[in-house]
């Protein structure tokens, strides 16, 4: 019974989006609001991680700190440009490669920071 109720709710929402004039625009606005909220939560989590690890970050060498900032900046740019880059096969390959490179750089910095 619960599954039928959930399916009916989804069907009603789909009917509103399909049948009501401007329903597609409303759905797009809701999706945009959810996306902005999600990105704001991620930004807040990164800020909190920075605040809790400030001493560790300042203990890194200038080269390591610059690489950390560049890697985080690259991740932010990849998230911002995902729509355009993922439209083509080569763009998607470059997007994945750049994200992987930033992740590997951050991981290597972590490993180097943990060794004495």
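The values are calculated or read from the model by the stated rules, or taken from the named source; none is laboratory data. These numbers come from a predicted model, not from an experiment. In this analysis, Cβ positions are derived from the backbone assuming ideal geometry, glycine residues included, and neighbour counts consider all displayed protein chains.
Observations
- Considering the conditions (1) surrounded by 11 or more Cβ atoms within 10 Å (Cβ to Cβ); (2) assigned to a helix (DSSP H, G or I), residue 47 is excluded by exactly one of them, (1).
One line per residue, one yes/no per condition, for (1) part of a helix (DSSP H, G or I); (2) within 29 Å of the chain's Cα centre (by Cα); (3) at pLDDT below 90; (4) exposed (fewer than 10 other Cβ atoms within 10 Å of the Cβ):
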{"residue": "8", "(1), (2), (3), (4)": "yes, no, no, no"}
{"residue": "17", "(1), (2), (3), (4)": "yes, yes, yes, no"}
{"residue": "24", "(1), (2), (3), (4)": "yes, yes, yes, no"}
{"residue": "30", "(1), (2), (3), (4)": "yes, yes, yes, no"}
{"residue": "33", "(1), (2), (3), (4)": "yes, yes, no, no"}
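- Wholly enclosed helices (runs of 4 or more DSSP H) of segment 53-114 bearing at least 3 residues in contact with a helix residue (DSSP H, G or I) (Cβ under 8 Å, 6 or more places away or on another chain) and loosely packed, with under 13 Cβ neighbours inside 10 Å: none
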